[in-house]
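Chemist: Below is the structure I would like to discuss, written out as structure tokens.
The values are calculated or read from the model by the stated rules, or taken from the named source; none is laboratory data. All of these numbers come straight from a predicted model, not from anything done at the bench. Reconstructed Cβ throughout: ideal geometry from the backbone, glycine too, with neighbour counts over all protein chains shown. We work out accessible area using only protein heavy atoms, side chains counted, and drop any ligands, DNA or RNA first. Shrake-Rupley method; radii C 1.70, N 1.55, O 1.52, S 1.80 Å.
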Amino acid sequence: MPDAADALLTACAGGDPASFTPVYDALGPVAYGTSLGVLRDPDHAAEVTQEVMVEVWQTAARFDARRGSARTWVSTLARRRAVDRVRSEQARRERDQRDTDLRTGEPVRDVVAEDVERRLEGSAVRRCIDGLTPTQREAVVVAYYGGLTYREVAEQLGAALPTVKSRIRDGLNRLRDCLGVRRG
């Protein structure tokens, strides 16, 4: 059994402007609710609703109640248009960011390359840390990954302060050499 909105939409398919007002009243909230659910912004949702309802008016003759209800049809149109708006806004933001980067002289970032580089650097650091003597490794790891001072490292390891300083200094020198960092 056809819904009242289905009958209203079918009636306005002939192009009579007066027949569209009840269609708008019945289906506008469906378009707005769907749009708002996707966009989360009332102003953008209102704009999309307006675009969808214009499309409904222009394409009402394509509506086929045997394939689905008017509410479902309008909801589908609204969802598609709202998703297009999200994609368009994202593309605009990315373009604006690229333009800003170019104007400010900042290089365009390659997120994938940066991620791969970070992982390779992490692997190199782990490999070099594994190359330290056990006492150097322990002192460096406790100091830097634990965020401890020389004195705190000495207390934690039960070693003399000058010994801990030597282990950390020697360990850092070996790490620098292993990683190929030049002395500045």
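Chemist: Which one of Thr100, Thr49 is among the β-branched types (Val, Ile, Thr), surrounded by 12 or more Cβ atoms within 10 Å (Cβ to Cβ) and either part of a helix (DSSP H, G or I) or at pLDDT 90 or above (or both)?
Modeler: Thr49
Chemist: List every residue pair whose Cβ atoms lie under 6 Å apart, where the two residues are 6 or more positions apart in sequence or sit on different chains, the first residue falls within segment 123-141 and is surrounded by 14 or more Cβ atoms within 10 Å (Cβ to Cβ), and the second residue, located anywhere, is among the acidic types (Asp, Glu).
Modeler: Partner pairs satisfying both residue conditions: Gln136/Asp170.
Chemist: So how many residues does segment 16-47 have that are more than 16 Å from Val86 (Cα to Cα) and in contact (Cβ under 8 Å) with a residue 12 or more places away in the chain?
Modeler: 8
Chemist: Sort out which residues of segment 142-156 are surrounded by 14 or more Cβ atoms within 10 Å (Cβ to Cβ) and either β-branched (Val, Ile, Thr) or without any contact (Cβ under 8 Å) to a residue 12 or more places away in the chain (or both), and write them in order of number.
Modeler: Val142, Tyr144, Leu148, Glu152, Val153, Ala154
Chemist: Could you identify the single residue in Gly68, Gly15, Gly28 that is open to solvent by less than 30 Å² (accessible area, probe 1.4 Å) and not in a helix (DSSP H, G or I)?
Modeler: Gly68
Chemist: Another question, if that's okay. Residues of segment 157-170 being within 42 Å of the chain's Cα centre (by Cα) and either open to solvent by 50 Å² or more (accessible area, probe 1.4 Å) or touching a residue at least 40 places away in the same chain (Cβ under 8 Å) (or both), which ones?
Modeler: Listed by number, the list holds a single entry, Arg169.
Chemist: Working carefully through the options Val83, Val54, Val38, find the one that is buried (at least 17 other Cβ atoms within 10 Å of the Cβ) and at pLDDT 90 or above.
Modeler: Val38
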